[in-house]
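Peer 1: Please read through the structure below; I'll follow up with questions.
Bear in mind that the values in this text are calculations on the coordinates, not laboratory data. Fair warning: this is a prediction, and the values are worked out from it, not measured in the lab. Note that we place each Cβ from the backbone using ideal geometry, even for glycine, and neighbour counts take in every protein chain shown.
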Amino acid sequence: MTFESLGLAPALLRALAEHGHATPTPIQNAAIPLVLEGHDLLAGAQTGTGKTAAFALPILQKLGVAAGAQNHKQPRKPRVLILTPTRELAAQVHDSLRTYGKHLRVHTAAVFGGVGMGGQVMSLRRSLDVIVATPGRLIDHMDRRNVDLSCIDTLVLDEADRMLDMGFAPALKKILGALPKQQRQTLLFSATLAPEIKALAAQFMRNPREVQMAQPNAVAVGVSHRVHPVDGDRKRDLLLHVLAADSRRRTLVFARTKHGSDKLCRYLDQHGFRVAAIHGNRSQGQRTRALADFKNGKTTVLVATDIAARGLDIAQLPAVVNYDLPMVAQDYVHRIGRTGRAGAEGLALSLVSREEEGLLRDIRRLLKQDLAIEPVAGFEPSWTLRMDGPGGATRKPGRKHGNTPRNGAKPGKPLHARRPHAQARGEHAAGNQRRSKWRGNANSRKA
């Protein structure tokens, strides 16, 4: 199968050839004909499968045909709205549209938070075909009447599962309420087609065709999963050891919090690593520069939080390190989806302290596969990581500083009671429920 056999226009084929894209990926092969035929589409595809081109190419095809038949003296109103959960993903989708449509007369604009609104207002007032936006900033422009959505006939929700996770449901409903309902084509892309995604789709899609390219929680075949158990107070030293083993290798390191990301970034910088951090407290300019420096090799280590890393498109990323395990097992799949892309080999390395042992078991249950447990010489923990039962980690008897386990358990006995990570997860889940009413507004404005 080739792009030409999918019925794409010569201008698009030319742009694809110039960037070395000769064969469509499975999601592109399945989605492009359905979009060109005008169907609503509900598509499940993991990060790194080429889903952006799966909707960008047929949209550009339709816009290119329309642009050729229009009177260019008349200003054009936007016909396509693409919503993404993060600024980085919005910028990358916008760049992809410009790359694929370089030989077409199609005009696009990116609208997201973290930057001034003045330049965006100017872009929105020009002749325009496509708007790529985060929900919060788009609503800001809607409230100020800076944007005209009256002619939108194609809507794309990219990474819809992430938008729901980040509390954007109220913002999505407000935007959908402002769009024309007649003859609109809607395309929804999500890592998984979970029940809540299908429930969302049922509210505003018309008989959508469904495409599921990967089973839920599937990971790239070429990714190796490796776990280094370590005492919590030696994690940073072990990270230095791991990074120093190949200082030229580009590595994405995940930390749990924004403060932890900055602290880890400073520590690595003090030890001679070319490192940058990316999280929600950084300005859009800082985030853009950090990502650009990482992509072009100016820095070799990028420290990120889960939210800030959503939508990051980094080609040929050999390794992802989980300095902190995610509190939600599903986020592990999203994290490591950035390595092992397009058939390349990748490494997912997790540094696991005793308090995170339960989180690791959650990840193993989700993946339904064993994870290689490999203690590092010189960094062996004072406890034994056990993955074969409900009990917690056990202390190694006779070890210095290891004879008095926490929680008052006897040496060498399973630590069943009051696992710190379990309590933290419960508080985290409860906190999410308490914050569910205001997270949508706060996060949407932040995006």
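Peer 1: Can you run phi through the Karplus equation (6.51, -1.76, 1.60; θ = phi - 60°) for the range 51-62 and list ³J(HN,Hα) in whole Hz, with x for Gly and Pro?
Peer 2: 5, 4, 5, 4, 9, 5, 5, x, 5, 4, 4, 5
Peer 1: Using per-residue counts of other Cβ atoms within 10 Å, averaged over each peptide, order 296-306, 376-386 from highest down.
Peer 2: Output ranking for 296-306, 376-386: 296-306, 376-386.
Peer 1: Using the number of other C-beta atoms within 10 angstrom as an exposure proxy, rank LEU97, LEU89, LEU176 with the fewest first.
Peer 2: So the residues, fewest neighbours to most, are LEU176, LEU89, LEU97.
Peer 1: I've got another one for you. With labels modelled as points extended 7 Å from the Cα through the Cβ direction, what inter-label distance (nm, one decimal) is found for VAL65 paired with SER150?
Peer 2: 2.7 nm
Peer 1: Here's something else I'd like to know. Quick one: net charge around VAL320, please, counting Lys, Arg +1 and Asp, Glu -1 for every other residue with C-beta under 9 Å from its C-beta.
Peer 2: Values: positive: ARG335, ARG338; negative: none.
Value of the local net charge: +2.
Peer 1: With an 8 Å Cα cut-off and a minimum separation of 6 or more residues, compute the relative contact order for the range 4-212 in percent.
Peer 2: Across the range 4-212, relative contact order equals 29 percent.
Peer 1: Which length gain, in nm to one decimal place, applies between ARG266 and GLN369 when the Cα-Cα distance is subtracted from 0.36 nm times their residue separation?
Peer 2: 33.6 nm
Peer 1: Averaged over all directions, how much area does the convex hull of the C-alpha atoms of the range 4-212 cover when projected, in nm²?
Peer 2: Values: hull surface 44.2 nm².
Its Cα hull, projected and averaged over all orientations, spans 11.0 nm².
Peer 1: Under the rule of at least 5 residues apart or a separate chain, name every residue whose amide H is placed under 5 Å from the amide H of VAL303.
Peer 2: VAL253, ALA276, ALA277, ILE278
Peer 1: Count charges around VAL211 for me, please; just the other residues with Cβ under 12 Å from its Cβ, Lys/Arg as +1, Asp/Glu as -1.
Peer 2: Here the count lands on 0.
Peer 1: Subtract the Cα-Cα distance of ALA377 and GLU37 from 0.36 nm times their separation in residues, and report this length gain in nm to one decimal.
Peer 2: 116.5 nm is the gain from fully extending ALA377 to GLU37.
Peer 1: Tell me, what ³J(HN,Hα) does each residue in the range 92-101 have, in order and in whole Hz, if you take phi through Karplus 6.51 cos²θ - 1.76 cosθ + 1.60 with θ = phi - 60° and put x for Gly and Pro?
Peer 2: Karplus-based 3J(HN,Hα) across the range 92-101 equals 6, 5, 4, 5, 5, 4, 5, 5, 5, x Hz.
Peer 1: Could you work out the relative contact order of the range 264-384, using alpha carbon pairs under 8 angstrom and six or more residues apart, expressed as a whole percent?
Peer 2: Worked out over the range 264-384, it gives 19 percent.
Peer 1: What Rg and what Dmax come out for the range 247-383 when only alpha-carbon atoms are used, in angstroms?
Peer 2: Considering the range 247-383 through its Cα atoms, Rg and Dmax are 14.8, 44 Å.
Peer 1: Run the simple label-point estimate for GLU4 and ALA315 please: 7 Å along Cα→C-beta, distance reported in nm.
Peer 2: Distance between the two pseudo-spin positions: 2.3 nm.
Peer 1: Let me check I've understood the local charge: for HIS259, count other residues with C-beta under 14 angstrom from its C-beta, Lys and Arg +1, Asp and Glu -1. What total comes out? Present the calculation step by step, with values, prior to reporting the outcome.
Peer 2: Details: positive: ARG256, LYS258, LYS263, ARG266, ARG282; negative: ASP262, ASP324.
Overall, the nearby charge balance is +3.
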